Structures are given as C-alpha cells and as structure tokens.
1. Take region 281-305 and flag every residue that is touching a strand residue (DSSP E or B) at 6+ places or on another chain (Cβ under 7 Å) and under 14 Å from residue 154 (Cβ atoms).
2. From the list 338, 326, pick out the single residue that is more than 29 Å from residue 62 (Cβ to Cβ) and touching a strand residue (DSSP E or B) at 6+ places or on another chain (Cβ under 7 Å).
3. Which of the residues that make up region 368-403 are in a helix (DSSP H, G or I), under 20 Å from the mean Cα position of the chain (by Cα) and over 24 Å from residue 68 (Cβ atoms)?
4. State which residue pairs qualify: first residue closer than 17 Å to residue 164 by Cβ and inside region 129-140, second residue modelled with pLDDT of 75 or more and assigned to a loop (DSSP other than H, G, I, E, B) in any location, beta carbons under 6 Å apart, and separation of 6 or more residues or different chains.
5. Going through region 352-374 one residue at a time, which ones are at pLDDT below 95 and crowded, with 19+ Cβ neighbours inside 10 Å?
6. Are any residues in region 296-311 modelled with pLDDT under 95 and not in a loop (DSSP other than H, G, I, E, B), and if so, which ones?
7. With respect to residue 349, is the statement that it is surrounded by fewer than 21 Cβ atoms within 10 Å (Cβ to Cβ) and in contact with a helix residue (DSSP H, G or I) (Cβ under 6 Å, 6 or more places away or on another chain) true?
8. Listed residues 278, 242, 248; which is in contact (Cβ under 8 Å) with a residue 24 or more places away in the chain and in the same structural domain as residue 328 (by TED's automatic domain parsing)?
C-alpha cells in the first residue's frame, strides 16, 4: 500500500508540474502581448481594437495567438532608430524599442484594412487620388480546372484557404525566401555530382560545385546513391520539359531531378534552401506531400522513393554559398498514398468550383502571420467553416457595426 501511495503522490506531483508549466506559458504569452501593446496610448489601442474587429477577429484564443505571433515577428524585424548621440537611458531605449514593435503591429493591422477596404480597380482609384493598390487590383479571372498540380497538393496541405487565395489573386509580392530559392535552384548543383553515361562527371560549375566537406555521416547515404546514379531529368535547365502529366491526365508536376540508380531504379530529388542558422529536424509536411505526389502521380518514371534535400546557405559578399546539407529519404508507402489521394480528391473538387470544409481547429497563428497571402485572408480569423475557389469576397469583406456582433 505504501508503494501505491508513493506512486500516486509522484503522479499527482507530475500533473501539478504540467499545470504549472501551462499556466506559466499562458502568463508569459499574455504578458508579452500586454507589455508590447500597453505602450500604445489610449487612442492607438482603440484604433487597434477597431481595426481588428473590422477584419473579423473576435475576443478569444485565435485572436490572442495571432497577436502574440504578430508581436514576435515585429520584435524580430523592427529596427528602431536610435540617435548615436542620444542621452536616453537604457531603460528609455528599451521602452522605445517596445513602442516601435507595437506601432508596427498597429500599422500591419491598419494596412490590411486599407488593402481590403476599397474594391475599385486601380484606374478608378487613381482618378479619386488613391494611389495604393487594393485587393481588387490582384483579382484573377477564374476558370475551372480538371487536373491537380504538385504545387496545389503542397499548398492545400499548408492551408486550403492559402491554396484558394493563391489561385484567385495574382502574386502580391514574392517572399525573400522564394527569390533566393529560385536563384539557387537554377544552379543545378547536383548535375556536377552524379555520373554520366560514361562514368564521367557531366558538368562542372565554379560557384555551385559541391564540396566534399558537405558530406557527413548523416547524409552520406544520399551522396553514395547519387554518385552511382545517372541523370534522367533536370527540372531547371533552359531546355527542360516544363511539366509531366500522369497517364490519366489528372496530375501535373515538374520535379527538380529524376535519377536512375545502379540497380536501374528511378528516384526523385526535391531541393529546398534554408539559411545556415535554420536547423531542419524533420521534413516539412508540405515538402513531403509535394515529393509524395511526384512519386505517386508521375507514373512515367515508376519511382518507389525520393529524397528531400535541404541546402543550408550562408551569404558571403553578395553570394550565397551552400555550407551544409540535410537529407531525408521518402519511400512509397500505402499510408502516404492514402493521404495524398485524400488531398488530391479535395483539391480536384476545389479546382472544379465546389465548396469544401475548412477545419478551424487546424489554424496555426505561426503559419498565418508568416503566410505570403496573409493580407488577403479572412480565414485566419476563424469565422469560416468552408472555403471555395475562387476565393469568395465574403471571406475578405470588412465588418462594420457594433462590438463583436458586427454585420456587413
């Protein structure tokens, strides 16, 4: 009995510790938001509340999480100006930094409201003296699509609303990460590593030839496979075929590379690029879905596996030099096939103009705040349980009226 009593006490203590950790986390999150936004004066705080409600947010966990992440992003990116000969105390400097973060948060929220507030085309706005672009300037003409692309699969896995927005509006602004990725993709660095038809290295480059020190015990399985393989297809060459289609014509994709190994098996390689200081512990779910869609959908190649390769680069004198490589092997499996088929089915319905379910429990403020189409999105507020293509104007319409019970 004594042993049982001791076990119960230990279990109870463990539960109490978990509760304390959760409470401390909640307090820190709340105190971070409050300490940041409390530096705004009363009118600025009122403006922030007003504009958040216009965007469709209501009090609750979704709003708290979104504001928390927005504060963190601005904290990391804000660089308040401090005069080199300032006589401010360290305490005042710290307060000014926090005030700068808070003002950036307010600016972001007001900017989104302004972006969504005017749906007139740009020529009409210019006549009225409005020179900034609004959401209507990015609208695309929608046409139903009876096939699914690998990008569709990846975007849907990231967020169905993001997929709908990306197909309903022209690109607002390419992220820095996307621009760098395109630049580094086009260097085709793996071409210089695999063997050719005569067991010779096919091409040599100056900036992108792989250095042997990039090989480690953790990734040598990939390089060994690559060294004994020949190139079947390179997706970023000037003369590359732009896309491949499944035998049934319902799936379209363009992988980065296709190789044939020493045993005559074909495999696919997808490259991703990250700054050197960004550790990759596991493959990103959207990248894994993209690679699995190629393995399953591009039956022309009859592949049973592929690699996700994360190149970690460092910027040196305006050049980006690859310093590290993290690799994950992805094998074809029944479970992955079932998951991809389910996504494929949903995307096919969306592309055909049907309304599909949107699970608000899957909202992740960390993704929402950093999403390339965040400014277009109304789903991040948690108000909508479905999504359609094209992206319905109701989703991004501003709200007017009273507090928390607002109507259009």
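1. 283, 287, 288, 290, 291, 292, 293, 294, 295, 297
2. Working: 338 fails: touching a strand residue (DSSP E or B) at 6+ places or on another chain (Cβ under 7 Å).
The match here is 326.
3. none
4. Sorted first by the residue in region 129-140, then by its partner, the pairs are 138/170; 140/170.
5. 363, 365, 368, 369, 371, 373, listed by residue number.
6. The first filter runs over region 296-311 and keeps only residues modelled with pLDDT under 95, leaving 296-304, 309-311.
Correct list: 296, 297, 309, 310, 311.
7. Taking the combined requirement at face value, the residue does not satisfy it.
8. 278
The values are calculated or read from the model by the stated rules, or taken from the named source; none is laboratory data. No experiment lies behind these values; they were computed from the predicted model shown. We place every Cβ from the backbone using ideal geometry, glycine too, and count neighbours over all the protein chains shown.
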